[in-house]
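The values are calculated or read from the model by the stated rules, or taken from the named source; none is laboratory data. Quantities reported herein were computed from a predicted structural model and do not represent experimental measurements. In this analysis, Cβ positions are derived from the backbone assuming ideal geometry, glycine residues included, and neighbour counts consider all displayed protein chains.
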């Protein structure tokens with residue numbers, strides 16, 4: 001089976017466009033009503049157990065679904081589901097919406113990291129490529145934090 005190869009820049013621009021489309025389609029930022037509900041003593045251990053369980057499950061089914069799909073499922077969907085469910089449980093729909101909106105903003109840094117890595121890894125070597133990709137990601141995340149409204153931070 002032949003793979004389709006899309007050049008990095010057009011793919012990156014498509015990803016950024018989809019991220020902005022997702023931001024535009026998201027419900028508007030809402031205030032989280034402070035409630036008496038606080039995370040329980042077992043909140044973090046339960047999150048760890050759920051995350052670990054997903055990773056073990058993915059590891060077990062990896063031979064059947066292949067390395068690409070396993071890698072794809074092990075990153076974004078895994079932590080997005082866990083963070084959103086727990087935010088919803090503690091802060092209602094506003095908490096879940098705010099987590100998802102923040103994750104969309106974070107995807108800009110994620111996409112920039114992989115663009116830099118894809119461009120530099122063969123030209124500059126592994127160490128330099130990762131260093132530059134990390135610095136670019138930190139720059140993008142810093143800019144994102146300046147864009148987000150104060151209450152969202």
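Summary table
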read-out: Odd one out for residue 145 among (1) closer than 21 Å to residue 76 by Cβ; (2) surrounded by 12 or more Cβ atoms within 10 Å (Cβ to Cβ); value: (2)
read-out: Residues of segment 35-46 that turn out to be under 16 Å from residue 87 (Cβ atoms) and either in a helix (DSSP H, G or I) or at pLDDT 85 or above (or both), as a count; value: 3
read-out: Residue within segment 26-34 that is more than 30 Å from residue 135 (Cβ to Cβ) and at pLDDT 80 or above present; value: yes
read-out: Any chance residue 49 is free of Cβ contacts under 8 Å to residues at least 40 places away in the same chain, under 22 Å from residue 15 (Cα atoms) and assigned to a helix (DSSP H, G or I); value: no
read-out: Residue match in segment 101-119 (condition: out of contact with any helix residue (DSSP H, G or I) (no Cβ under 8 Å at 6 or more places or on another chain) and modelled with pLDDT of 85 or more); value: no
